Each structure stands twice: as structure tokens, then as C-alpha cells.
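The values are calculated or read from the model by the stated rules, or taken from the named source; none is laboratory data. Predicted, not measured: the structure shown is a model, and the values here were computed from it. Using ideal geometry, Cβ is built from the backbone for each residue, glycine included, and neighbour counts are taken over all protein chains shown. Protein only, heavy atoms only, side chains kept; ligands, DNA and RNA dropped before computing areas. Shrake-Rupley method; radii C 1.70, N 1.55, O 1.52, S 1.80 Å.
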Amino acid sequence: MTTQKSLEALHRAVVACARCPRLRGYCAAVAEEKKRAFRGWTYWGKPVPGFGDPAARLWVVGLAPAAHGANRTGRVFTGDSSGDWLFEALHRFGFANQPESVSPDDGLALRDCYISASVRCAPPGNRPLPGELSSCRTYMVEEARLLTGVRVVVTLGRIAHQSWLQATGWWDRLAPRDRPPFGHGSSRVLPNGTRLISSYHPSRQNTNTGVLTRTMWYRVFRRARSLLEVAPVSGPARAAPDSGGPA
């Protein structure tokens, strides 16, 4: 089976997932009640799969769908302010064909980039529970297995950073002192050659308060682009040995 078909099968499994009753109930309730500004929309209301180029060398990992963003549109980081920041930067540095993402049929295409989240359902208050993160992690494990071309990973926020390390096996494989620390702009090469860059999440809480500025944000993706322009890094971002597989 090709990577494209394997990812499509994974995406179908994500959409059909019902592992976390609290999240499924919340997403369904939001989809029914809606937000005044989106009364005319038929909300997606289901788990949101990853999106992007199956041959991507850049993998961007976020936290979770926004209640009135991806939970409404059905595409990760689509339809909210965080997505506005992300896709504008991806377009600026050559990873997207347009600077905005408003709906699944808006013509957006990612180039050499794949995006997914630590949790595939919108959580109340943007705070997934530890058990929900654990239940959802197997989907990222499978993404890591399938995205064999990945050379650079950008994690958005501390939870995404730790979730990716756990999904790929590095969290357990590396001694605590050797684990890449989270910090905006922090960059570390893992033993298999994958470059891991961490960034603050482009949430309104961070962007409206100046915790994350455009200059800081652009620096992350400029770094990712420059790393991919030089000699290839040795080895993909697949899971470490004995890190487990999908449920």
C-alpha cells in the first residue's frame, strides 16, 4: 500500500474514532449549538485527521482542533486565528500555495509539509486530559511510521512537544537529561538525525499578549526552511525501536 493510501486509511480511522466520550460529547455539543458568527455552517463535529504532503520533509505538530475552527471546518488549523498565523508563515517560506485556510475546499495545498495534532478532537478549554492524550497518541505513532521523508519537526507548544517525543519513542529511549527541552526556538538533532524545533503555539493568548511575535514566529519557519535547503539530514523521523504501534 502506498503512503498516500495508508494515510487515507489512517485518516478514516481518525474520523471514526470514539475512544474519548468526554471529547466526543463536547465536539457534538459545540457542533449543535454553534457560534453566532457561524450559524450558517454545518459543523464537522468529528475527530480531525492530519493534512498535507505524504512525502513531506517538514512535520508541524499542534495541540488540538479549535472548537469553532477545525471542529467546524474539518481540517486541522483551518478557520481560526492560529491557522491564520500558521498558513501565512507556511506560504511565506514556501510550504503552502496560499497564505490562508478557511475551508477544506479553498484550494490550499501543502508542499513538503504535513500537519497534525496531539489530540484529534476539540477539548473543553483547550485542555485535553492525560488519558485522552494517551488514547490519541497511537495515531501520531502511525503517522511517524508512514511519514518516512520527515527531516524537520516543529512542535507548537509544550504538550505537542512532549506528545511527539512520546509517539516517536524518544521520550522513553532517551535519558531525561538528554530529552530535547521545550522552549521557543529551541532546536535539537535527535540520534537518528531528525531536527526537532519547538515553538510557542500561535494561540490568541500568546499572539495578543506579545508572548509570540511575528518576528519570533517567522524565525522558526525560516530555520526549518534553511535546514531543508542544506544537505539532507540522515534518517527519517520514524518511531524509535520498541516504541509501540497503533491500537
Residues of segment 144-169 being in a helix (DSSP H, G or I), over 24 Å from ALA28 (Cβ atoms) and either open to solvent by 20 Å² or more (accessible area, probe 1.4 Å) or out of contact with any Ser or Thr (no Cβ under 6 Å at 6 or more places or on another chain) (or both), which ones? ARG145, ARG158, GLN162, LEU165, GLN166, ALA167
Please count how many residues of segment 19-41 are within 17 Å of ARG120 (Cβ to Cβ), outside any helix (DSSP H, G or I) and among the hydrophobic types (A, V, I, L, M, F, W, C). 1
Cβ-Cβ under 8 Å, sequence separation 6+ or interchain: first residue in segment 1-21 and closer than 17 Å to SER116 by Cβ and open to solvent by less than 90 Å² (accessible area, probe 1.4 Å), partner at pLDDT 95 or above and of a type in the set (Lys, Arg). Which pairs? VAL14/ARG120; VAL15/LYS46; CYS17/ARG120
Of the conditions (1) open to solvent by less than 20 Å² (accessible area, probe 1.4 Å); (2) farther than 19 Å from ALA167 by Cβ, the single one that GLY50 does not satisfy is (2)
Of everything in segment 171-216, what is part of a strand (DSSP E or B) and touching a helix residue (DSSP H, G or I) at 6+ places or on another chain (Cβ under 7 Å)? Give them in sequence order. SER187, ARG195, ILE197, SER198, SER199
Answer yes or no: is there a residue in segment 99-106 that is in contact with a strand residue (DSSP E or B) (Cβ under 9 Å, 6 or more places away or on another chain), open to solvent by 10 Å² or more (accessible area, probe 1.4 Å) and among the charged types (D, E, K, R). no
Pull up segment 77-98, narrow it to residues that are open to solvent by 20 Å² or more (accessible area, probe 1.4 Å) and in a helix (DSSP H, G or I), then point me to the one that is farthest from ALA37 (Cα to Cα). ARG92
Going by what's in this entry, would SER6 be described as closer than 26 Å to SER198 by Cβ and touching a Leu at 6+ places or on another chain (Cβ under 6 Å)? no
Checking the condition at pLDDT 95 or above, touching an Asp or Glu at 6+ places or on another chain (Cβ under 8 Å) and not aliphatic (A, V, I, L, M), which residue from ASP84, ASP80 passes? ASP84
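Considering only segment 57-66, state which residues are open to solvent by less than 20 Å² (accessible area, probe 1.4 Å) and part of a loop (DSSP other than H, G, I, E, B).
Our first condition is that a residue be open to solvent by less than 20 Å² (accessible area, probe 1.4 Å); within segment 57-66, this holds for 58-62, 65.
Answer for segment 57-66, where residues must be open to solvent by less than 20 Å² (accessible area, probe 1.4 Å) and part of a loop (DSSP other than H, G, I, E, B): just PRO65.
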